[in-house]
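To start, the structure under review is shown below, and the notes come after it.
The values are calculated or read from the model by the stated rules, or taken from the named source; none is laboratory data. None of the values given here were measured: they were computed from a predicted structure. We place every Cβ from the backbone using ideal geometry, glycine too, and count neighbours over all the protein chains shown.
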C-alpha cells in the first residue's frame, strides 16, 4: 500500500505528457483507477489534454459523470472541445448540462466550428487589452488573469466593440517603462486568421512567418480567440500522415492502434478499387491472348513496361502533390512543370526503353521485338510523366484534394496504356504476328 | 524613377517573409539589385533569413563581399550558419575573415555541429541569468539585451560554470512582484536537449510537450544555446517530405525548383533500381514461357495477383513506417502488429482471391484455374502483409531508416513471389499442364 503511494507520488510529479503516455498503456480498469487518483491530485485535466482525443474520450466515459464534468471544466477549452467531439451525443449533452452556464455556452459555441477550420483549432481564452492602458496597467491585468490565460505570450488590442487593433507582445510590455502607453507598443497591421479559414492555410501562415500564436477574428474583424503553434504542429503532422497514406492508398482513419476488424473494413474498399483497376488492365491483356500464344516473350516483358510507367509517373505525381501541399506551385508554374516532365519522360524513356529493348534483343535474338519494347516503354514513360502532373493540377482546379486517389488512377492508366501500346506495336512490327 | 521608389518603399514595409517570396521570383540580376536596396534599407539580413538557404546562398555570391559579410553579421547566428553551409568553401572563408573576431568564432563553432543535430539547429544567443537575481534585475538585464536576444520568451538559469539550473519564463518574471528572487520562479527539472541529439528526436520532444523553446546543453550540462519551435516546424515538414518521397522512390534532394537535368540525374538511379527489380520478376515469368503458351489465361491474370500483393503490402508498410516516424511503435508492439497483419492478410486474401478466382472461372470455364488463382492470391497477400511489417522492423533493428527503399524491395518480393506461386500452382493443378 505504501509503495503504491510512493509510485503514485512519483508519477504525479511527472510532466502531464509523460503521465498521459503511462495512461495509454494501461488496461481500461487500471486507467480509470489511475485517472481517479489524478483527479484527486488535481492533475486529470492536464493529463487528458495530452492524450489523443479518441483515447481520452473513451476514458472519460468510464468515469463518474460529475467527476468527468469537473475535469472538463478544468481543461483548456480547445482541448475540452476536441474531447467532447469524440463522445457519444448523449454523454456530451449530459456533461455539458453539469457545467456552469458560462462554461457550457463557451464550449457549445466552440463545438459549432468545424474541426478543420481556425475556429475548431482556437482557444477563446485570449487577453484583450485597450490601447489607452499603460504597460503597468497591462501587467496588472495579466497578473490577475494569470490562471485563466494559460501559456500566453501575446495580448491583443481591441476597441470597445472588440475589433482587433493590433498585437502586443508580453515581452515588449514587460520590458517597456511602466508608464508607456500600449498605443506606442502595439504592432498595428498584425496578421490575423479568419475563423472559417482552413487549418491547412493556418499552418502555412505559421510556417511562413514563424509565429508562436495568431489571433482569430470573425468577418467583422472582431477578436474571437487565439491559435498557438503547438496546435499547428499537430495539424502539420496530421496533414503529412494524410498525404503519405493517400500515396499508398491507406485509409486516412487508420493508425497503429486500429483494431484488425476496423483495419479490414477500412482497407477493403481501397484493395477492391485496386482490383477493379487490375482487372481492367487484365481485360486489355485478354484481348491479345492469341498474340501471347504466338509470342510468349511479350508476356515476359509486359510487366517491366507497365512497372516503369507506374514508377516514373508516381515520382512525378509525388513531387507535384508535395509541392502543392507546401504551397510552392502556382498556376503558371504548374504548366512549366508539365514541360519539364515531358522532357524528362523523353530522356528517361529513351534510356530505359533502350536498355530493355537491348536486353530483349539479346535474350530472344529478335531485333524488332527490341524495337517494339523500346517504343512502348518510351511512350508509356512520357505519358506517365504528363499524367503525373495533370491529375494533381486537374484535381486542384476542380477544388478537390490533389493527392486524392492519384496513385490508383495513375497506375490504372499506365497499366492499361502500357499493355495496349506493347501489343499494338508488336502486332505492327513483328513478322510472327503479321 | 519616382514610381519605382514608391514601389520599393511599399515593398520594404512588408514582412520579411513576403519580401523573400518576391525576391525568389526575380531574375538573378533583379534580385541582386533589390537585395542591394534592401541592404541600404537595413532589411537584407531578415529577408535572406526567410529564404531557402540554397537560394539565399546563391544570391549572396552575387553581392560585393564586404556587403555580404555585413549582412551575415546582422543575421541570427542559426540562420547565418544555414546560409554559410550552402556557400563554396572559399567564399565562406572570405566572408568569415571579414567578420569581427567574436562573430567569426561564434559562426565557426556553430558550423562544426552537424546539420541534423540539435547543435545544427540551435542559436547560441540565449539569455542566461543567475538565480541570485530578483525579477527586477532580470527585467533590467533583458531590457539591455533586447536587441541581441531576438524573440525570446524564456531565459535560462545557470551557475558560475554555466551549468543549466532551470528555465525561467519571461511571463513569470514579468508578472512577479519585482523583488521576488528568480530562485522562487525557476522551473528546476526542465527538459533540455543534448547538443548531439538527432533533430528528429528534438522534433518529437517539441511535439510531445508543446514547448515554444528548449535549451541545448553539452555532455556536462553546460548551456550552449536554444532551439525555438519555428525551426522545429521546418524539421517536421522536411521529415514528412522525406518519408513521402521515399514511399514513391523519389530522390530526397529533389523539389519543384530542381532543374530538369538535376532531376534526371537524381531520378535515374531509382528508375534503374526499379528496372532491375522488374527484370528479376520477368526472369521468373520467362522460366514459365511454355506454360504461358499452353494456358495464356495465366498471362492475363498474373498482373492482378502481383498488383494486389504489392498494394496490400504497401498499405501495411506505410502504416508501420509512419507509426515509427511518429514514435508510436515500440519493440513489443511491432510483433503484435505482425500477428494482426497476418490475420488481415488471410481475410483480405480469401476475399480478393475468391473474387478473382470466381471471375476467372466464369471467364474461362475452368474451375481449377480459379482455384490456382485464388490460392496464389491468398498466399501472396499474406506474405505481402508479413513483409510489410518485417522490412521496417528489420531496417530499424539494424539501425537503418525504416522507410529506406521499403517500397522497391517490397514490390520486388511480391512480384517475384506472386508470379512463381501462380505458375507453380497452375502446373500442379491444371490438367492442360500435367
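Of the residues B:224, B:214, B:205, only one is outside the structural domain of residue B:77 (by TED's automatic domain parsing), closer than 18 Å to residue A:229 by Cα, modelled with pLDDT of 85 or more and not in a helix (DSSP H, G or I); which?
B:214
What's the total number of residues in the range B:336-350 that are free of Cβ contacts under 8 Å to residues at least 24 places away in the same chain and more than 7 Å from chain A (Cβ to nearest Cβ)?
Looking only at that region, the number is 2.
Has the range B:230-242 got any residue that is within 22 Å of residue A:203 (Cβ to Cβ), within 13 Å of chain A (Cβ to nearest Cβ) and touching a strand residue (DSSP E or B) at 6+ places or on another chain (Cβ under 8 Å)?
No, the range B:230-242 contains no residue that is within 22 Å of residue A:203 (Cβ to Cβ), within 13 Å of chain A (Cβ to nearest Cβ) and touching a strand residue (DSSP E or B) at 6+ places or on another chain (Cβ under 8 Å).
How about the range B:285-303: which of its residues are more than 9 Å from chain A (Cβ to nearest Cβ) and out of contact with any helix residue (DSSP H, G or I) (no Cβ under 6 Å at 6 or more places or on another chain)?
Within the range B:285-303, just B:287 meets the criteria.
Quick one: residue B:10 ticks every box in (1) crowded, with 17+ Cβ neighbours inside 10 Å; (2) within 14 Å of another protein chain (Cβ to nearest Cβ); (3) over 27 Å from residue B:259 (Cα atoms) except a single one, so which number is it?
(1)
From the list A:373, A:342, which one is assigned by TED's automatic domain parsing to the domain that holds residue A:398 and either modelled with pLDDT of 95 or more or closer than 21 Å to residue A:296 by Cα (or both)?
A:373
Filter the range A:78-98 down to residues that are assigned to a helix (DSSP H, G or I) and exposed (fewer than 15 other Cβ atoms within 10 Å of the Cβ), then give me how many there are.
Going through the range A:78-98 one residue at a time, the tally reaches 5.
For (1) within 28 Å of residue A:258 (Cα to Cα); (2) surrounded by 19 or more Cβ atoms within 10 Å (Cβ to Cβ), each residue gets a yes or a no:
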residue: B:338; (1), (2): yes, no
residue: B:360; (1), (2): no, yes
residue: B:370; (1), (2): no, yes
residue: B:373; (1), (2): no, yes
residue: B:378; (1), (2): yes, yes
residue: B:381; (1), (2): yes, yes
residue: B:397; (1), (2): yes, no
residue: B:411; (1), (2): yes, yes
residue: B:428; (1), (2): no, no
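Does the range B:99-126 hold any residues that are in a loop (DSSP other than H, G, I, E, B) and within 27 Å of residue B:202 (Cβ to Cβ), and which are they?
Selection gives B:112, B:113, B:114, B:115, B:116, B:122, B:124, B:125, B:126.
Can you tell me which residues in the range A:292-303 are surrounded by fewer than 24 Cβ atoms within 10 Å (Cβ to Cβ) and assigned to a helix (DSSP H, G or I)?
If the condition is that a residue be surrounded by fewer than 24 Cβ atoms within 10 Å (Cβ to Cβ) and assigned to a helix (DSSP H, G or I), then A:293, A:294, A:297 are the ones that fit.
Is it the case that some residue within the range B:242-257 is farther than 30 Å from residue A:153 by Cα, without any contact (Cβ under 8 Å) to a residue 12 or more places away in the chain, loosely packed, with under 15 Cβ neighbours inside 10 Å and within 17 Å of the chain's Cα centre (by Cα)?
Yes: one or more hits.
Would the range B:304-325 turn up any residue that is under 28 Å from residue A:297 (Cα atoms), in contact with a helix residue (DSSP H, G or I) (Cβ under 9 Å, 6 or more places away or on another chain), assigned to a loop (DSSP other than H, G, I, E, B) and more than 7 Å from chain A (Cβ to nearest Cβ)?
Scanning the range B:304-325, I find no residue that is under 28 Å from residue A:297 (Cα atoms), in contact with a helix residue (DSSP H, G or I) (Cβ under 9 Å, 6 or more places away or on another chain), assigned to a loop (DSSP other than H, G, I, E, B) and more than 7 Å from chain A (Cβ to nearest Cβ), so the answer is no.
If residue B:62 satisfies every condition in (1) part of a helix (DSSP H, G or I); (2) more than 14 Å from chain A (Cβ to nearest Cβ) but one, which is the exception?
For residue B:62, the exception is condition (1).
Looking only at the range A:120-158, which residues are surrounded by fewer than 19 Cβ atoms within 10 Å (Cβ to Cβ), touching a strand residue (DSSP E or B) at 6+ places or on another chain (Cβ under 6 Å) and modelled with pLDDT of 90 or more?
A:131
State all residues of the range B:160-172 that are in contact with a strand residue (DSSP E or B) (Cβ under 7 Å, 6 or more places away or on another chain) and either surrounded by 15 or more Cβ atoms within 10 Å (Cβ to Cβ) or free of Cβ contacts under 8 Å to residues at least 12 places away in the same chain (or both); if no residue qualifies, say none.
Passing the criteria: B:162, B:164, B:165, B:166, B:167, B:168, B:169, B:170.
Could you identify the single residue in B:380, B:348 that is at pLDDT 95 or above and under 22 Å from residue A:277 (Cβ atoms)?
So the residue among B:380, B:348 that is at pLDDT 95 or above and under 22 Å from residue A:277 (Cβ atoms) is B:380.
Read through the list (1) closer than 30 Å to residue B:428 by Cα; (2) at the interface with chain A (Cβ under 9 Å from one of its Cβ atoms); (3) buried (at least 22 other Cβ atoms within 10 Å of the Cβ), then give the number of the only condition that residue B:277 fails.
(3)
Can you tell me which residue in the range A:259-274 is surrounded by the fewest Cβ atoms within 10 Å (Cβ to Cβ), limited to those that are more than 18 Å from residue A:414 (Cα to Cα) and more than 8 Å from chain B (Cβ to nearest Cβ)?
A:259
Taking the stated definitions as given, is residue B:196 away from every other protein chain (no Cβ under 14 Å), part of a loop (DSSP other than H, G, I, E, B), touching a residue at least 12 places away in the same chain (Cβ under 8 Å) and surrounded by fewer than 19 Cβ atoms within 10 Å (Cβ to Cβ)?
yes
Determine whether the range B:34-41 contains at least one residue that is assigned to a helix (DSSP H, G or I) and within 23 Å of residue A:333 (Cβ to Cβ).
Checked the range B:34-41: at least one residue is assigned to a helix (DSSP H, G or I) and within 23 Å of residue A:333 (Cβ to Cβ).
Looking at the structure I just gave you, is residue A:207 surrounded by fewer than 21 Cβ atoms within 10 Å (Cβ to Cβ), within 29 Å of residue A:54 (Cα to Cα) and free of Cβ contacts under 8 Å to residues at least 40 places away in the same chain?
yes
Just give me the residues in the range B:216-229 being more than 9 Å from chain A (Cβ to nearest Cβ) and closer than 18 Å to residue B:53 by Cβ, in sequence order.
B:227
Among the residues of the range B:42-59, what is the count of those that are over 12 Å from residue B:16 (Cα atoms) and in a helix (DSSP H, G or I)?
Final tally of qualifying residues: 7.
Any idea which of (1) away from every other protein chain (no Cβ under 14 Å); (2) closer than 30 Å to residue B:136 by Cα is the one residue A:94 doesn't satisfy?
Exception for residue A:94: condition (2).
What tally of residues in the range B:245-258 results from selecting those that are under 17 Å from residue B:400 (Cα atoms) and within 8 Å of another protein chain (Cβ to nearest Cβ)?
3
If you go through the range B:109-116 one residue at a time, do you hit one that is in contact with a strand residue (DSSP E or B) (Cβ under 6 Å, 6 or more places away or on another chain) and surrounded by 20 or more Cβ atoms within 10 Å (Cβ to Cβ)?
no
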